[in-house]
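> I am attaching a structure below and will ask some questions about it afterwards.
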Amino acid sequence: MLFVEVATGTPKTKVQLKNENKHMSLPESWTDATLEALGVARVTETAPPDVGEWQVAVKDGVEQVDDVWQEKWAVQEMFTEYTQEVTDEDGVTTTNVVTVQDQKDAKTAADLLAKRQKLVVTMRQARLALAQENKLALVEDAIALIPEPDKTTISIEWEYASTVERLSPWIDIMASALGMTDVEMDALFELAATL
C-alpha cells in the first residue's frame, strides 16, 4: 500500500515510513490515528487509463482529487529512438540508430512468436479443422509431392503424432504444399484449438 506525506505530497511506502519513524512504536494495523500521527494519508489505487496500440500507462506519482489522494498516471509512447554501439568480432565499434519502427517491428515479431508457441493442438483437432476448411482430403496428396527426406518425416508426424505444434518445422512445409499462407495457418490452428 502507498501513502503520501500530506504536507509535501511525497509518496511513501509503509517500509519507508517505518524506517523514517523508528523512534515511534507503530501498530501492525494502521488506523486513521496512526496515519494522522505520521502526517500521511492512504493513496487510493486507480485503474490505468486506456492507451493506444503503441503507448503505455506508467505510474506518475500521486494527486489529490476531491480531498482524496490517488495514484496519478501518465501515458507515454512505448518506444523512443535511441542509439546503440555494436562491436563486431574484429573489435570495430559502430553506432547504430534504433528507430521507433525497428522497435515496433521487433515487438510485433516477438508477440507473433509467443502466440505461435502457444498454438499446440491434438491431431484430432487438426484433422477436424482441416475438414472444416475443406483441406483434409488434400493432405495425403500434398505429402506425396514433398521431396525426401521431408516426405517420410511428415508422413510419420501426420500418422503417429498425438499433438501438433504451430512452430513445428514440418508445418511450414505442409502450409506451402497446401498453398496456405502463414496467416491462414495461424487461423487454422486457432480454429483447431476451439474444436
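> Can you pull out the residues in region 44-103 that are assigned to a loop (DSSP other than H, G, I, E, B), of a type outside the set (Val, Ile, Thr) and within 27 Å of Ala7 (Cα to Cα)?
Glu45, Ala47, Pro48, Asp66, Asp67
> Checking the structure you have, find out if any residue of region 159-181 is in a helix (DSSP H, G or I), of a type in the set (Phe, Trp, Tyr) and under 26 Å from the mean Cα position of the chain (by Cα).
Among the residues of region 159-181, not one is in a helix (DSSP H, G or I), of a type in the set (Phe, Trp, Tyr) and under 26 Å from the mean Cα position of the chain (by Cα), which makes the answer no.
> Out of the residues in region 154-195 that are β-branched (Val, Ile, Thr) and surrounded by 13 or more Cβ atoms within 10 Å (Cβ to Cβ), state the one that is nearest to Glu140 (Cα to Cα).
Ranking the qualifying residues of region 154-195, first place goes to Ile154.
> Name the single residue that is least open to solvent (accessible area, probe 1.4 Å) among those in region 42-93 being touching an Asp or Glu at 6+ places or on another chain (Cβ under 7 Å) and over 30 Å from Gly9 (Cβ atoms).
For region 42-93, the residue satisfying everything is Trp54.
> Counting only residues that are loosely packed, with under 10 Cβ neighbours inside 10 Å, of a type outside the set (S, T, N, Q) and not in a helix (DSSP H, G or I), how many does region 132-153 have?
Going through region 132-153 one residue at a time, the tally reaches 3.
> Test each condition in (1) in contact with a Lys or Arg (Cβ under 6 Å, 6 or more places away or on another chain); (2) closer than 30 Å to Asp186 by Cα for Asp60 and report the one that comes out false.
(2)
> Ok, one more. What are the residue pairs meeting all of these: first residue in region 81-110, first residue farther than 14 Å from Trp54 by Cβ, second residue in a loop (DSSP other than H, G, I, E, B), Cβ atoms under 8 Å, and 6 or more apart or on different chains?
Thr94/Asp88; Val97/Glu81; Val98/Glu81
> Suppose we filter Ala126, Ala110, Ala175, Ala193 for residues that are small (Gly, Ala, Ser) and within 30 Å of Phe79 (Cβ to Cβ); which single one remains?
The unique qualifying residue is Ala110.
The values are calculated or read from the model by the stated rules, or taken from the named source; none is laboratory data. All values reported here derive from a predicted model rather than from experimental measurement. No Cβ is skipped: glycine too gets one built from the backbone with ideal geometry, and neighbour counts run over all protein chains shown. For the accessible areas, the whole protein counts, side chains as well, though only heavy atoms, and no ligand, DNA or RNA atoms are used. Shrake-Rupley method; radii C 1.70, N 1.55, O 1.52, S 1.80 Å.
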